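The values are calculated or read from the model by the stated rules, or taken from the named source; none is laboratory data. As the structure is a prediction and not an experimental result, all values here were calculated from the model. FYI the Cβ positions are ideal-geometry reconstructions off the backbone, even for glycines, and counts take in every protein chain you see. Remember, those area values only see protein heavy atoms, side chains included, never the ligands or the DNA or RNA. Shrake-Rupley method; radii C 1.70, N 1.55, O 1.52, S 1.80 Å.
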Amino acid sequence: QLQASGGGLVQAGGSLRLSCAASGRTFRDWDMSWFRQAPGKERELAAVIRYSGGTTVYADSVKSRFTISRDNAKNMVYLQMNRLKPDNTAVYYCAATPRIAYSAFAMPSSYQYWGRGTQVTVSS
């Protein structure tokens, strides 16, 4: 089970930190991702972090502004979002799956577990 939190309303240029709490004794074997879905658009990958935490991948649009991290001791994943833009407005979802191929990172269908999502709204 995944529980995302930390969303809210922020002005452009501001920051938010999303958190995802995971339950399960195999968390350290899961690849963890943050997806987002804006109104009228498909769900897309924002960032992914490998089970070990040693590899991260970001969507081009968020590179250098977003940072994904994890704490395997606490079963937590975070997404630090800086210099937010209005087009970052979306519902952000935490997703998890046992280790998957690099080529499968960006496909929502690759993930077995999803949180409910947290709304991020960036005003101009």
Kindly indicate whether S69 is open to solvent by 60 Å² or more (accessible area, probe 1.4 Å), without any contact (Cβ under 8 Å) to a residue 40 or more places away in the chain and either part of a loop (DSSP other than H, G, I, E, B) or under 21 Å from R116 (Cα atoms) (or both). no
All positions within the range 105-124 that are open to solvent by less than 20 Å² (accessible area, probe 1.4 Å) and touching an Asp or Glu at 6+ places or on another chain (Cβ under 9 Å): F105, Y111, V122
From S19, S33, residue being under 14 Å from G115 (Cα atoms), open to solvent by 20 Å² or more (accessible area, probe 1.4 Å) and in contact (Cβ under 8 Å) with a residue 40 or more places away in the chain: S19
Looking across the range 36-63 at residues that are assigned to a loop (DSSP other than H, G, I, E, B) and either touching a residue at least 60 places away in the same chain (Cβ under 8 Å) or β-branched (V, I, T) (or both), the single one that is farthest from S103 (Cα to Cα) is V62
State the number of residues belonging to the range 36-51 that are surrounded by fewer than 13 Cβ atoms within 10 Å (Cβ to Cβ), in contact with a strand residue (DSSP E or B) (Cβ under 9 Å, 6 or more places away or on another chain) and not basic (K, R). 1
